[in-house]
Amino acid sequence: RPTAAPTTARATVPTTVKATVPATTAKPTTTVPTTTKATTQASRQTVKVTVNEGDSLTQIFKKLEESGVADFDALMETAQTYDYSYYPLVAAIPSNENRCFRLEGYLFPDTYEFYTNQKPQDAIGKFLRNGKAKITDSMISQASSLGYSIDEVITVASIIEKEGAKSSEISKIA
């Protein structure tokens, strides 16, 4: 008696990942998207933080902590120890044992947009990139031609900004 040839079943491999979820929350079968760095960053919350003229490093870092950007202590530690020497302004800061905070005066006044829960070095880097854009090579050359380093100019400018309660007072103080 002739026998039928055995049948073999072929498995199909799905091209997308499928997950079954309860009918109360979604369709019975839902495609699960692949998460990429771009989609993760796009969904992160951002906050705007305004740094005013005359704000100290500690005041700035307190604002960042209050806004959920990064922890105050982590920012302070990072500002003192992280190697930012690839920024020309930071590389030019002279070593000075009497300097309280290495980056004091180098976090320029502006309104910044940060991710919440950002790495401290990335948050500080945003300030330094802004400073790099604001302090031009011609400003550095002009300071040098007058016998000042850019660090001395930034230090004096920071003092003037701190002392001037109103912008109209700054020119008188200078």
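Using 19 Å as the Cα-Cα cut-off, could you pick out the over-long pairs in Lys62/Lys132; Lys62/Lys119; Lys62/Lys126; Lys62/Lys134?
As for pairs spanning more than 19 Å Cα to Cα, those are Lys62/Lys132; Lys62/Lys134.
Just read off the accessible area of Arg44 with the full protein assembly in place, 1.4 Å probe, to the nearest 10 Å².
About 90 Å², ignoring ligands and nucleic acids.
Could you calculate the contour length gain from Asp71 to Ser85, that is, 0.36 nm times the residue separation minus the distance between their Cα atoms, to one decimal place in nm?
Going from the current span to full extension adds 2.8 nm.
Measure off 7 Å from each Cα along the Cα-to-Cβ vector at Ala133 and Ile159, then give the distance between these two points in nanometres to one decimal.
If labels sit at Ala133 and Ile159, their model points lie 3.0 nm apart.
In whole percent, and with a 1.4 Å probe on the protein chains, what portion of the accessible area of segment 55-107 is carbon and sulfur?
For segment 55-107, the apolar C and S fraction of the accessible surface comes to 48 percent.
Would you work out which of Phe108, Gly125, Ser141 lies farthest towards the positive end of the dipole of segment 49-151? Charges go on Cβ: Lys and Arg +1, Asp and Glu -1.
Result: Ser141, furthest along the dipole toward the positive end.
The values are calculated or read from the model by the stated rules, or taken from the named source; none is laboratory data. Every value quoted in this text rests on a predicted model; they were computed, and no experiment measured them. A quick note on method: Cβ atoms are made from the backbone with ideal geometry, for glycine too, and the neighbour counts reach across all protein chains shown. Heads up: the accessible areas ignore ligands, DNA and RNA and are worked out on the full protein's heavy atoms, side chains in. Shrake-Rupley method; radii C 1.70, N 1.55, O 1.52, S 1.80 Å.
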